[in-house]
1. With unit charges on the beta carbon (Lys/Arg positive, Asp/Glu negative), name the residue among Leu12, Ile96, Ile138 whose Cα is farthest towards the positive pole of the charge dipole of the chain.
2. How do 78-88, 124-134 rank on mean C-beta neighbours within 10 Å, highest first?
3. Work out the count of Lys pairs in the range 1-102 where the Cα-Cα distance is under 17 Å, with the pair 8 or more places apart or on different chains.
4. Counting DSSP beta bridges with both partners in the chain, what percentage is antiparallel, nearest 5?
5. Compute the length gained on full extension between Lys91 and Val54: take 0.36 nm times their separation in residues and subtract their Cα-Cα distance, giving the result in nm to one decimal.
6. Calculate the dipole size of the chain relative to its Cα centre from +1 charges on Lys and Arg beta carbons and -1 charges on Asp and Glu beta carbons; express the result in debye to the nearest 20.
Amino acid sequence: MRKIFIIGTLHLGLTPNEELEKYIARINPDQIFVEITREDIDDKKLKDYPPEMVFVHGWAIKNGLKLNGFDSNVDMIKEEINEEDKERLFKEQEEIIKEYNWKDLNKLKNQEIIDLTDEKFVDINKLNKRQSEMLDNINKSMIGEGNILIITGCGHLEFFRKNLKSALFPLDN
């Protein structure tokens, strides 16, 4: 029997590794998917990824689990957004989420707080393409039996709720 579990994280070092590790251990996965591209896993190019994704990557290897990357190379940020705009928008986002922790943002009732469809920042067509590619990457590599754990940014949880209907969200309680 196959069970799919999805846990959302907050990037920028806002997801404590020791807390995340406890949830991973409870799920006891046979396969883990991390939001890193398959190519970057193969080439060991992990330095530009969120720290919790790098941590989970290492944890899976250390524990001898089947590990897959599912991220897409599609950049969903609008082309006209420069580095200064990105920095300002990230600070705005940090201000919005500062009252919540990573576990709070896994709850369905809080999904609108970290909505990725901010029209000032995100090209919706590129976001849709990226998430579709992410889902395709998961579906291509998913084992048939066992516990499958997908670790993704909290901003993608709504997409996965709609597109992996049988998935369980262990922090949505």
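Quick note: the coordinates plus some simple rules give every number you see, no bench work behind them. Values in this document were obtained by computation on a predicted structure and should not be read as measured data. Reconstructed Cβ throughout: ideal geometry from the backbone, glycine too, with neighbour counts over all protein chains shown.
1. Looking along the dipole axis, the top candidate is Ile138.
2. Top to bottom by mean Cβ count within 10 Å: 124-134, 78-88.
3. 5
4. 5 percent
5. Details: separation 37, 0.36 × 37 = 13.32 nm, distance 2.30 nm.
The Lys91-Val54 span can extend by a further 11.0 nm.
6. The dipole of the chain has a size of about 940 debye.
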